[in-house]
1. Go through segment 99-108 and give me each residue that's open to solvent by less than 100 Å² (accessible area, probe 1.4 Å) and assigned to a helix (DSSP H, G or I).
2. Kindly list, by first and then second residue, each pair from a residue in segment 57-69 that is small (G, A, S) to a residue that is open to solvent by less than 90 Å² (accessible area, probe 1.4 Å), limited to pairs with Cβ atoms under 8 Å and residues at least 6 apart or on different chains.
3. Filter segment 58-98 down to the residues that are more than 21 Å from T109 (Cα to Cα) and open to solvent by 80 Å² or more (accessible area, probe 1.4 Å) and list them by number.
4. Would you pick out the residues in segment 36-57 that are open to solvent by 60 Å² or more (accessible area, probe 1.4 Å), of a type in the set (A, V, I, L, M) and at pLDDT below 90?
Amino acid sequence: MAESRENGGPRAVNPHLSDFRDLPAEKQKAIAAAAGKKSGEARRMKKTFRNIAKSILDLQAPEEVAAKVKKFFPGLPENEIDNRAAMICAQLARALEGDSKAFEVIRDTAGEKPTDRIELKNVNEEPFEIKVVE
C-alpha cells in the first residue's frame with residue numbers, strides 16, 4: 001500500500017490526507033452510507049427536473065407561437081399544437097432553410113438516424129472466438 005502512495009496516492013499529493021482504505025470499517029461504512037443517501041437525493045432531483053421538463057413540453061404553445069405553427073401547417077389541429085410540436089416545427093423550418101444540423105435533429109427524432117457500423121476483418125484469416133463477459 002505504501003508503494004501506491006509513493007506513485008501518486010493521496011499522501012503523495014498531500015501528506016495530511018488519509019487513505020479511505022486505512023479508516024476503520026465502521027467509518028468506511030458510515031461514509032459509504034452518507035454517499036449513498038446523497039446519490040439518492042441527486043437521482044430524485046434529476047427525476048424532478050425531468051418531470052418538470054416533460055410537463056412543460058406537454059403544455060399548449062403560446063398563442064403567437066401556435067399562430068406561426070398554424071400558418072406553416074394549417075392542417076394541424078390547434079389542440080395538438082403543444083410545445084413539442086412547436087419545437088419540431090421550428091426545427092423543420094430551419095431545416096427547410098438549409099440548416100443541416102436541424103435536418104439531422106428532425107431525422108433522428110423521427111427514428112431514421114443511420115446506424116453506425118464497424119467492420120471487423122481477421123487479417124490472419126485464422127478462426128477466432130469472441131466471448132461476452134457478463
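The values are calculated or read from the model by the stated rules, or taken from the named source; none is laboratory data. Because the structure is a prediction, the values reported are computed rather than measured. Cβ coordinates were reconstructed from backbone atoms using ideal geometry, including for glycine residues, and neighbour counts include every protein chain displayed. All accessible areas refer to the heavy atoms of the entire protein, side chains included, with ligands and DNA or RNA removed. Shrake-Rupley method; radii C 1.70, N 1.55, O 1.52, S 1.80 Å.
1. Within segment 99-108, S100, A102, E104, V105, I106, R107, D108 meet the criteria.
2. The qualifying pairs are A61/V69; A61/I81; A61/D82; A61/N83; A61/A85; A61/A86; A66/I81; A66/A86.
3. Selection gives E63, E64, K68, K71, P74, E78, N79.
4. Our first condition is that a residue be open to solvent by 60 Å² or more (accessible area, probe 1.4 Å); within segment 36-57, this holds for 37-38, 41, 43-52, 54-56.
Now restrict to residues that are of a type in the set (A, V, I, L, M): 45, 52, 56.
The answer is M45, and nothing else.
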